[in-house]
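Reading through the structure tokens given below for one structure.
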Amino acid sequence: MTAAPAASPAHPERRGRPPAGLLAGGSCESILLPQIRDEHPLLQQALSALHPRPIDDVLTFTPKAIHILCTLHPLVVRPVGGRQSKGYEVLAGLLAWRALRPHHALHLAAQTASAAGKPAVTAPLQTEESAAPPARAKQRKRAPPTALPAAFAVPAMVLPKDTHDDDITALLCAERWLLITSVGPLKALQAELVQLHDQARSHGWTQDLTPQIKSLNALARVLDVTRQTLSTRRPTRADADDAHPNSATDRP
């Protein structure tokens with residue numbers, strides 16, 4: 001019999017386990033924010049490719065918003081360190097980690113300052129996304145961010161410690177592909193943004209979850225578009241009713 005050919009480097013999809021099989025080997029747990037040691041370099045690359053905006057300010061999310069986001073979209077981690085110093089490395093879970101990332105940085109800075117006998121950092125750190133706002137962005141008054149407590153429990157899928165980089169690459173590819181393809185038609189989403197903003201305000205979500213994104217101007221900055229792009233033609237309630245007939249899933 002002729003031996004099966006080895007997986008070719010030109011076809012990385014042939015290496016490693018499929019993402020579904022990889023996740024099947026994990027366990028659902030709650031971990032504490034300080035237990036997260038770092039993020040995998042492949043995750044850093046994915047975040048840079050997915051969120052290149054220079055004015056991302058995820059500290060505008062309240063603790064309640066981060067709790068909801070992390071519950072709906074858990075992290076994917078693997079154990080690192082020994083039994084006496086067990087921690088976790090973040091492998092995937094782009095939406096949750098993007099929200100947790102600056103808070104985790106604040107905790108690390110506070111730990112470092114405490115070990116050095118210096119005052120803890122209370123202001124948000126300058127991240128790559130927030131360090132260089134574009135010239136067109138106007139200076140705006142910022143409410144002080146509410147830092148997550150060290151006891152914040154993060155829902156996570158814990159994968160085996162020996163998870164291979166090929167599997168992590170495949171998992172991140174699957175996650176990014178699904179995030180991009182599951183949001184629906186981009187033109188329809190753009191047309192509904194103003195209506196969605198109004199609905200979020202009516203439910204109190206802008207105040208409770210994103211208090212610094214209450215206006216369309218702030219939303220435009222977060223999405224890195226102009227204010228005119230969001231409101232070139234503000235949809236009316238009649239437009240929405242005509243375009244989207246009521247269904248069993250519609251809210252009253």
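The table below lists the values:
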| item | result |
| --- | --- |
| In Å², nearest 10: area of residue 154 left accessible to a 1.4 Å probe | 0 Å² |
| Under the Karplus curve 6.51 cos²θ - 1.76 cosθ + 1.60, θ = phi - 60°, whole-Hz ³J(HN,Hα) for segment 27-44, x wherever Gly or Pro sits | 10, 7, 9, 10, 10, 8, 4, x, 6, 7, 7, 6, 10, 5, x, 5, 5, 4 |
| Length released on extending from residue 228 to residue 116, taking residue separation times 0.36 nm less the Cα-Cα span | 35.4 nm |
| Gain in span if fully extended, residue 80 to residue 181, counting 0.36 nm per residue against the direct Cα distance | 33.1 nm |
| Whole-percent carbon and sulfur share, accessible surface of segment 163-232, 1.4 Å | 60 percent |
| Interchain or long-range residues, amide H under 5 Å from residue 32's placed H | 154 |
| Long-range HN-HN contacts of residue 39 with modeled amide H, under 5 Å | 90 |
| Segment 163-232 - charge dipole about Cα centre, Lys and Arg +1 at Cβ, Asp and Glu -1, debye rounded to 20 | 540 debye |
| Calculated over segment 163-232: convex hull of Cα atoms, volume per residue (Å³) | 127 Å³ |
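The values are calculated or read from the model by the stated rules, or taken from the named source; none is laboratory data. Bear in mind the structure is a predicted one, so any value in this text is a computation, not a measurement. Positions of Cβ are generated from backbone atoms using ideal geometry, with glycine treated the same way; all protein chains shown enter the neighbour counts. These area figures cover heavy atoms from the full protein model, side chains too; ligands, DNA and RNA do not enter into them. Shrake-Rupley method; radii C 1.70, N 1.55, O 1.52, S 1.80 Å.
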